[in-house]
Amino acid sequence: MKDQKFGPKGARGGAKPFNRPGKSAGRPAWRDRDSQSDGPVILYGWHTVAMALANPRRRIRKLTLTENAARRLAEENIETRVPPEIVRPQEIDRLLSADAVHQGLLAEAEPLPSPDIETLTQEGMVLVLDQITDPHNVGAILRSAAAFAVKAIVTTARHSPEATGVLAKAASGALELVPIVTVQNLARALTALNERGFQTVGLDSEGSEDISDVALREPLALVLGAEGKGLRQLTRETCSVVARLDMPGEIKSLNVSNAAVLALYVGASRLGLMKR
């Protein structure tokens, strides 16, 4: 879908590296290169860090906590897994951007592995993101994906946010629940999904029919377009169906993360996933 619709384009942001307190905000929040970053993932906030600590697949490099946060983890029987550094809240403030709400928890961790698209189970729903660059939007989409038991999110290695900092905070722990499949070429990835029996439904305001009128089936891949330009032409051509979300009110458009949750609800309801 297009973003007259989806709000502002992505902005740079995220956490600063641990060894550069007080300086300007680290690397960009999005990737613009051919492979994922090999650097650490910066996680902050209660849900984000607590879920990472509870995920045995997530390797924690360093954990910085306030006394209150450490006490809360202990009270809720969440193991820190590495010896934490106990600091005053202001010390964590210095390591993050000014508007970061860390709640006394900051972790440096290894990125989670990116599964291969061929390993996706041929059931339920997956989401495919076509160069959505805003980390707040992608984080919110991840959170909704976890709520609807989405099997995976497929995204491009270029022009997509890194799974760190602002995105991780917005996802509120969903990074640990929804695998992210990173691909080099989205059209080839969609072709692979088509060949594996997925129904690939692109969402665009210029779609030929409302998604409620499409005969949806499992496995279902819902494809969301970038802020500003919507689905790219080759993406549209590779989808098996391009549909729209019709709105009854005066405003006919939605932010991409809101469009995602509405499409997921329609998909889950039509596939009978809400009763499983």
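FRET efficiency for ARG57 and ASP93, Cβ-Cβ distance as r, R0 = 22 Å, nearest 0.05? Once rounded, the FRET efficiency stands at 0.15. Taking only the Cα atoms of the stretch 117-275, the ratio Rg/Rh comes out at 0.92, with Rh defined as the Kirkwood radius.
With the charge dipole of the chain set up from +1 on Lys and Arg Cβ and -1 on Asp and Glu Cβ about the Cα centre, the Cα lying farthest toward the positive end among the listed residues ALA243, GLY230, ALA174 is that of ALA174. Helix 186-195: angle to the longest alpha-carbon principal axis of the chain, degrees 0 to 90, nearest 10? Computed tilt is about 60 degrees.
Near GLN131, the amide H atoms lying under 5 Å from its own belong to THR156; only residues 5 or more places off or on other chains count, and H is placed 1.01 Å from N. Pairs from the list LYS169/LYS229; LYS229/LYS252; LYS169/LYS275 with a Cα-Cα gap above 20 Å: LYS169/LYS229; LYS169/LYS275.
Here ILE86, ILE132, ILE92 are placed in order of increasing Cβ neighbour count within 10 Å, fewest first, which gives ILE86, ILE92, ILE132.
Among the trypsin sites (Lys or Arg not before Pro) within the stretch 68-112, not one is in coil by DSSP while having at most 11 neighbouring Cβ atoms inside 10 Å.
Rounded to the nearest whole Hz, the Karplus-based 3J(HN,Hα) values (6.51 cos²θ - 1.76 cosθ + 1.60, θ = phi - 60°) of the stretch 69-83 follow the sequence 5, 4, 5, 5, 4, 5, 5, 9, 6, 9, 6, 7, 6, 10, x, with x at glycine and proline. Close amide H pairs (under 5 Å, H built 1.01 Å from N) link LEU231 with GLY225, ALA226, residues at least 5 positions away or on another chain. Put simply, the amide H of GLY173, placed in the peptide plane, has neighbours under 5 Å in THR48, leaving out anything fewer than 5 places away on its chain.
Rounded to the nearest 0.05, the FRET efficiency derived from the C-beta distance between GLN122 and LYS229 at R0 = 35 Å is 0.70.
Annotation: peptides 185-193, 39-47, 133-141, 109-117, ranked by per-residue average of other Cβ atoms within 10 Å with the highest first, follow the order 133-141, 39-47, 185-193, 109-117.
Computed from the C-beta positions of THR191 and GLU250 and an R0 of 41 Å, the FRET efficiency is 0.60 to the nearest 0.05. The peptide list 258-270, 218-230, put in order of mean Cβ contacts within 10 Å with the highest first, becomes 218-230, 258-270.
The GluC sites (Glu not before Pro) of the stretch 85-162 that meet both conditions, a loop assignment by DSSP and at most 16 other Cβ atoms within 10 Å of the site Cβ, are GLU123.
Each of ARG217 and VAL82 was given a label point 7 Å from its Cα along the Cα-to-Cβ line. The distance between the two points is 4.8 nm. Over the residues of the chain, the helix contribution to mean residue ellipticity at 222 nm works out to -8000 deg cm²/dmol, using -39500 (n - 2.57) for each DSSP H run of at least 4. Size descriptors for the chain (Cα atoms only): Rg and Dmax, in that order, 19.1, 57 Å. Length available on full extension from ASN68 to LYS275: 0.36 nm per residue minus the Cα-Cα distance, which gives 70.5 nm.
Readers should treat all values here as calculations from the given coordinates under stated rules, not as data from a laboratory. For clarity, every value in this text was computed on a predicted model and none was experimentally measured. Positions of Cβ are generated from backbone atoms using ideal geometry, with glycine treated the same way; all protein chains shown enter the neighbour counts.
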